[in-house]
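Input: a single structure, listed below in structure tokens.
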Amino acid sequence: MKPRSARLAPAADHAREKREAAAQRLAEQQNRLQAAEHQLSELRRYRAEYALDGAAAVSVSALLNRQQFVERIDRAIAQQLLEVERQRRLLEQAGASWRDAHARERALESVIGHAREQERKSEERREQNDIDERMQHRNPRRRG
């Protein structure tokens, strides 16, 4: 029969793979959040630039067009803010998943380490018993 530590090894491998996959998802989610934040920053920068450039609009229709365009940019900024918040929530979830996977992996490593230590101690006791038994047969006690 396989020792307990060997029987647990496949579970530890699976836990490691799950932790690695969770770490990959976490990194990807960090990138998505960063991209969403960058896009929000670009929209805000564009709005600020547009507000400065159009201050000299002359006609009423030009002012109305400008106002409508600014409103569209503002709606895009509002939508992007929602997207950034959504990406942050997803990042938090990915982080929690990674932490859970990491904790499971560590727990299994701890159980396996404990099992190996118990197996080592058991083997040492067996070896000591074998030595003691051989010594008893080699040097029979004298009765007197």
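Annotations for the structure displayed:
- Within the shell of other residues whose beta carbon sits under 14 angstrom from the beta carbon of Ala9, the net charge comes to 0, with Lys and Arg scored +1 and Asp and Glu -1.
- Dividing the convex hull volume of the alpha-carbon atoms in region 63-144 by its residue count gives 67 Å³ per residue.
- Alpha-carbon Debye profile of the chain, log10 I(q)/I(0) at 0.09, 0.11, 0.17, 0.21 Å⁻¹: -0.60, -0.70, -0.98, -1.15
- Share of Cα-Cα pairs in region 1-71 lying beyond 15 Å, as whole percent: 73
- Rounded tilt (10° steps) of 4-53 against the dominant C-alpha axis of the chain: 10
Taken together, the values in this text are just the output of simple stated rules run on the coordinates, not laboratory data. Note that the coordinates shown come from a computational prediction; the quantities given were computed from them, not determined experimentally. Quick reminder, even Gly has a Cβ in these numbers, built from the backbone with ideal geometry, and neighbours come from all protein chains shown.
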